[in-house]
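Everything on this sheet refers to the single structure shown next.
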Amino acid sequence: MADAWFTEELVPPHLSPAAPAPAKLWDAEDEEEPADAEPQTGGVPKDLARETARAILRVDKPRWGAVEKPQQILRSGSGSRFILVRLSFQLDLPQALRDRGGLFTFAHYSTYLWPKSEQEPIPQVYEIIPRDLFEGEPRRVSVKLAPKISLGPADVGAGEIGTDFTLGYVEPVIVGWPGEDARAPYWELRPQTKNLIGTRYLWAIIEMPVGCSGVQIASKLEGEVQTRYWKPIPLGPRQRDWTERPRETIGASAD
């Protein structure tokens, strides 16, 4: 519990502030519109829209550590500091949705970076991990920083452990991007298991320019759930504005 950051309910878009009208969510080719469908819920029966079209997101505080040998990844001699950040979140579905065969089939996990103080230089993403991972089984991986950044199996030799970060289990399919101005990294996850409930981990190496004393980070998750009878239903946080999202400070220099 010491790592808990925030917990929130993920809901259909029509329950988020200033959301556009939702599209129809039933598949007309598969079945007729349900008799109890309501226009204001986008054609979804009210019990599904109001009770079971939900997910619970639990986000842990980011864990971070300094990259002890930045010369392994830094070539410009600018004097920037680098930190490796682990992001973790848990997804769960209510029992009523599970009873309908509900699965969380897609997630878009995004973050945003600010400097600790407004006057400081803006931190940027140097690398996201994994950047792309398309096939294979869930497996334990590590990051090697020399001679170049790479993602590989965690069965490293004893002489290599000092330069590796063992990350944990990664499940495909994952694709990541640094985002706008390299300060808004995000990942898209489409697991081969077709279900994203449980804990997932993502990582990033962040560059902190000279004069940047720390990094503020916020995160949010949007995704899709589906059942045996319904097309994917989009879910997301009620508050999607970055300025209103919870923030955590990482990479702060010791006083």
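The values are calculated or read from the model by the stated rules, or taken from the named source; none is laboratory data. Here the structure is a predicted model, which is why all the values come from computation and not from measurement. A quick note on method: Cβ atoms are made from the backbone with ideal geometry, for glycine too, and the neighbour counts reach across all protein chains shown.
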**OP:** Mind counting the residues in segment 84-102 that are touching a strand residue (DSSP E or B) at 6+ places or on another chain (Cβ under 6 Å) and over 14 Å from residue 248 (Cα atoms)?
**Re:** 7
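Sort out which residues of segment 197-231 are aromatic (Phe, Trp, Tyr) and surrounded by fewer than 22 Cβ atoms within 10 Å (Cβ to Cβ), and write them in order of number.
Here is the first cut: in segment 197-231, the ones aromatic (Phe, Trp, Tyr) are 201, 203, 229-230.
Passing the criteria: 201, 229.
Condition check ((1) over 30 Å from residue 13 (Cβ atoms); (2) among the acidic types (Asp, Glu); (3) modelled with pLDDT of 80 or more) across all residues:
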{"site": "156", "(1), (2), (3)": "yes, no, no"}
{"site": "168", "(1), (2), (3)": "yes, no, no"}
{"site": "177", "(1), (2), (3)": "no, no, yes"}
{"site": "204", "(1), (2), (3)": "no, no, yes"}
{"site": "225", "(1), (2), (3)": "no, no, yes"}
{"site": "235", "(1), (2), (3)": "no, no, yes"}
{"site": "248", "(1), (2), (3)": "no, yes, yes"}
{"site": "254", "(1), (2), (3)": "yes, no, no"}
Original post:
Taking residue 174 and the conditions (1) touching a residue at least 60 places away in the same chain (Cβ under 8 Å); (2) more than 16 Å from residue 62 (Cα to Cα); (3) of a type in the set (Val, Ile, Thr); (4) crowded, with 19+ Cβ neighbours inside 10 Å, which numbered condition does it fall short on, given that it satisfies the others?
Top reply: (1)
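Per-residue answers, yes or no, for (1) of a type outside the set (Ser, Thr, Tyr); (2) not in a loop (DSSP other than H, G, I, E, B):
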position: 176; (1), (2): yes, yes
position: 184; (1), (2): yes, no
position: 187; (1), (2): yes, yes
position: 192; (1), (2): yes, no
position: 199; (1), (2): no, yes
position: 202; (1), (2): yes, yes
position: 243; (1), (2): no, yes
